[in-house]
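Undergrad: Pasting a structure here, questions to come.
Throughout, read-outs are computed from the coordinates displayed, never taken from laboratory work. A quick note: this is a predicted structure, and the numbers were derived from the prediction, not measured. Cβ sites come from the backbone with ideal geometry, for glycine too, and all protein chains shown count toward neighbours.
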Amino acid sequence: MGDTTGFLKIKRKEAGNRPLHERICDFSEVEQVLNSEDRMLQASRCMDCGVPFCHWSCPVDNLIPEWNDMLYRGDWKAAYDRLNATNNFPEFTGRICPASCEHACVLSINDEPVTIRENEVAITEKAFSEGYIKPSPPMERSGKKVAIIGSGPAGLAASDLLNKAGHTVTIFEKDEKAGGLLRYGIPDFKLSKTIIDRRINLMIEEGLLVRTGINVGREISAQEIINQFDAVCIAIGSAQPRDLEAEGRYLNGIHFAMDFLTQQNKINAGKISPDDNYLGAEGRKVLVIGGGDTGSDCVGTAIRQKAEKVLQIEILPKPPEVRLSDNPWPFYARLLKTSTSHEEGCERKWSLSTVGFTGYDNRVTGAEVEEVEWIIDDGRLTMNTIPGTRRIIPADLVLLALGFIHPVREGMLSELGIELDKKNNIKTGLNLATSIPKVFAAGDSVTGASLVVNAIASGRMAAKEIDRYLRSH
């Protein structure tokens with residue numbers, strides 16, 4: 001390391017966020033940018049810790065101490081080359097990853113980890129602005145053709161590596177633009193879609209073929225794709241939302257979170273205009289059911305749409321604010337997370353179970369909830385309802401952010417009769433091969449709903465296995 005005592009001299013300094021009163025008026029990215037000199041100083045805090053737990057914690061095996069050292073020395077190009085060696089899209093993860101690497105950083109023991117995530121995105125943006133990142137198509141083609149079904153992070157990662165390996169890769173995407181969850185699920189204030197376009201355009205210049213507006217299993221049969229290509233990778237994500245079976249569930253005004261988020265992203269992109277089916281929050285009392293990142297994204301979006309009030313509730317207990325003894329360093333800290341959206345004016349409540357909805361004239365007017373308590377029974381958390389705690393929360397727009405349970409089975413998966421596991425995800429072997437010859441799968445369609453960085457890691461693994469398969473057939 002260039003400065004093994006940098007952490008003793010330099011305090012952690014984050015880039016910070018745009019002023020709250022400014023950012024809630026638009027959908028531009030919230031996070032600001034730290035100047036290059038301060039960013040290099042932040043990289044100097046990466047210590048010679050011997051065992052890089054940050055690397056151990058990173059799903060894509062980023063060589064974090066190495067590129068931090070290069071950044072500290074001012075060699076931004078070398079830093080990007082080392083970063084790109086393990087991560088196809090550091091400009092994505094540098095914006096939206098929960099940074100398990102920082103939780104595992106040795107300096108995190110004293111709550112002062114290196115700003116790894118911010119360093120990552122700074123290196124990548126510098127590489128783009130300085131022209132270090134240029135199209136680099138393969139020198140020769142293998143003559144093999146690969147179809148990637150789905151263009152989310154797993155599909156894009158698999159496509160990138162397979163194209164670079166010399167195979168002719170075609171992505172099939174059901175929506176009108178590639179990007180999957182990155183484009184349609186994550187709000188612009190966290191990830192600008194120009195960032196996605198920039199990377200995909202680069203991949204197209206390198207020879208990637210992208211066919212959008214094609215829902216495999218409907219517009220074209222999955223078997224036809226298999227017949228036309230030497231290998232196929234299914235990367236359709238886990239898009240079946242978890243529903244809430246409760247009285248009044250189908251009243252107007254109750255929607256899945258992803259429908260709400262996708263609509264706003266399309267409006268921002270100029271693809272649709274608000275109409276009679278607009279799920280707008282303006283002037284409404286918004287209730288977000290579900291305490292995860294998707295719920296937080298709904299909060300930030302509803303606030304920007306000028307909701308009268310936003311409340312987010314969660315059935316699980318409120319997380320602690322400090323690490324507990326059963327959650328030691330260097331594992332990911334299961335702590336109370338306050339997002340930028342929460343800071344913008346959201347009320348939050350925990351340990352509330354939704355048991356039904358009230359309505360008038362077929363439109364939702366409130367949610368009936370009751371308090372629950374969680375106890376440890378035989379080593380497992382068990383939920384008990386608390387008698388006499390039922391009440392109505394007024395709401396005229398309810399967003400269900402309860403996660404996703406498995407990939408959509410109607411269409412391609414049902415047509416192929418592909419084998420599923422007990423959770424109805426695609427069943428694969430260690431090499432990510434499915435029950436269908438020459439068909440592989442990657443990302444959330446295999447693992448269940450997870451992080452973008454995990455999907456990238458899965459896509460990279462699938463690409464390596466598919467490349468190995470093609471070279472042996």
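Undergrad: Taking 7 Å along the Cα-to-C-beta vector as the label spot, tell me the Leu336-Gln240 distance in nanometres, rounded to one decimal.
TA: In this crude label model, Leu336 to Gln240 measures out at 3.7 nm.
Undergrad: For n ≥ 4 DSSP H runs only, could you compute -39500 (n - 2.57) per run for the chain, divide by its residues and tell me the 222 nm figure to the nearest 500?
TA: Calculated from helices alone, the mean residue ellipticity at 222 nm is -9000 deg cm²/dmol.
Undergrad: Going by a ≥ b ≥ c, the root eigenvalues of the Cα gyration tensor, does region 178-279 fall in the rounded group (a/c under 1.5), the prolate group (a/b larger than b/c) or the oblate group?
TA: Because a/c hits 1.5 or more and a/b fails to exceed b/c, region 178-279 counts as oblate.
Undergrad: Further, regarding this structure: Under 5 Å between amide hydrogens, which residues at least 5 positions from Leu336 or on another chain qualify, with H placed 1.01 Å from N in the peptide plane?
TA: Amide H to amide H, under 5 Å and 5 or more residues apart or across chains, Leu336 pairs with Glu321.
Undergrad: What list of ³J(HN,Hα) couplings, whole Hz, do you get for region 190-203 from phi and the Karplus terms 6.51, -1.76, 1.60, once you set θ to phi - 60° and write x for glycine and proline?
TA: Those phi angles translate into 9, 9, 5, 6, 5, 5, 5, 4, 4, 6, 5, 4, 4, 5 Hz.
Undergrad: Can you tell me what the convex hull of the Cα atoms of region 340-473 projects to on average, as an area in nm²?
TA: 13.6
Undergrad: Tell me, what HN-Hα J-couplings in whole Hz come from the Karplus equation 6.51 cos²θ - 1.76 cosθ + 1.60 at θ = phi - 60° for each residue of region 230-236, using x for Gly and Pro?
TA: Karplus-based 3J(HN,Hα) across region 230-236 equals 7, 7, 10, 10, 8, 9, 8 Hz.
Undergrad: Where Rh denotes the Kirkwood radius from the mean inverse Cα pair distance, what is Rg over Rh for region 243-402?
TA: Value, to two decimals: 1.01.
Undergrad: Between Asp81 and Ser136, how many nm apart are label points set 7 Å from Cα along the C-beta direction?
TA: 0.8
Undergrad: Would you please give the residues with an amide H less than 5 Å from that of Asn17, counting only those at least 5 places away or on a separate chain, with H modeled from the backbone geometry?
TA: The answer is Gln32.
Undergrad: For region 360-368, just list the computed ³J(HN,Hα) in residue order, Karplus coefficients 6.51, -1.76 and 1.60, θ = phi - 60°, integers in Hz, with x standing in for Gly and Pro.
TA: 9, 6, 6, 10, 5, 10, x, 10, 8
Undergrad: In addition: Roughly how big is the chain's charge dipole about its Cα centre, with Cβ charges of +1 (Lys, Arg) and -1 (Asp, Glu), in debye to the nearest 20?
TA: Here the size comes out at about 600 debye.
Undergrad: Hey, can you grab everything whose amide H is under 5 Å from the amide H of Gly359? Only 5+ residues off in sequence or another chain; H modelled, so Pro and N-termini drop out.
TA: Thr365
Undergrad: Would you work out which of Tyr132, Val169, Cys233 lies farthest towards the positive end of the dipole of region 128-244, given +1 charges on the beta-carbon of Lys and Arg and -1 on that of Asp and Glu, about the Cα centre?
TA: About the Cα centre, the residue reaching furthest to the positive side is Tyr132.
Undergrad: A further question follows. Filter Lys266/Lys464; Lys266/Lys423; Lys177/Lys309; Lys11/Lys318; Lys11/Lys190; Lys285/Lys349 down to the pairs with a C-alpha to C-alpha distance above 24 Å, please.
TA: Long pairs (Cα-Cα over 24 Å): Lys266/Lys464; Lys266/Lys423; Lys177/Lys309; Lys11/Lys318; Lys11/Lys190.
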